[in-house]
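Every read-out reported here was derived from the displayed coordinates using simple, explicitly stated rules and does not represent laboratory data. These numbers come from a predicted model, not from an experiment. Cβ placement follows ideal geometry from the backbone for every residue including glycine, while neighbour counts extend to all protein chains displayed.
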Amino acid sequence: MKPTTPDPLAVALIKQLRKLNKTVAVAESITGGLLAAAFTDVPGSSEVFIGGIVTYSDSAKTKFLEVPRRVLNKETAVSETVAITMAESIRTQFKSDFGISTTGVAGPGKAYGQKAGTVWLAISSKKTTVTIALDLTGNRSEIRHATVTSALATFSRILSS
């Protein structure tokens, strides 16, 4: 594997988190660890990035992030409720100031009755949880990377407000 250059947005976020003396943790599904990697590619990120969990299966979401089975059965893993639960659970369990979650369909085909590119992001703090619905296009890799970019950009806006 060739070395990666840290994402400039992730670099700025790490800097901002340090300045604010805040921490972040991530709960990922669709991105499969790419969001955590964006943070950990930045030297010194361990000061503010607590860690993360990749819960790709529904059973992992239930076991590790306390997503109720009834919610998964009724709304599916690709839903606003699941994104919220994932973000709030990771924030609470990791005792971080912010929790970010990603869930969706990377493709190439449908899953949970939804088309590829259907994505939910959630960013949780002690005060509030913000959700974003995305309708992305591209191949599997493009959708996953666009989800990371969207999560970083949304988190940047939240930190700046």
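Before moving on, here are some points about what is shown:
- Hydrodynamic radius of the chain per Kirkwood, over alpha carbon pairs, in Å: 15.5 Å
- Protection-proxy order for peptides 63-69, 36-42, each taking the mean of Cβ atoms within 10 Å per residue, highest first: 36-42, 63-69
- Computed [θ] at 222 nm, deg cm²/dmol, the chain (DSSP H ≥ 4; -39,500 (n - 2.57); rounded to nearest 500): -13500 deg cm²/dmol
- Highest to lowest packing among 18-26, 88-96, scored as the average C-beta count within 10 Å: 88-96, 18-26
- Computed FRET value (nearest 0.05) for residue 92 with residue 69, which takes r as the C-beta separation and R₀ as 25 Å: 0.85
- For the pair the range 35-83 and the range 113-161, the centres of their Cα atoms are 13 angstrom apart.
- With N counted as the residues of the range 57-118, its alpha-carbon radius of gyration over 2.2 N^0.38 Å works out to 1.13.
- Fraction of antiparallel bridges per DSSP, the chain only, in percent to nearest 5: 60 percent
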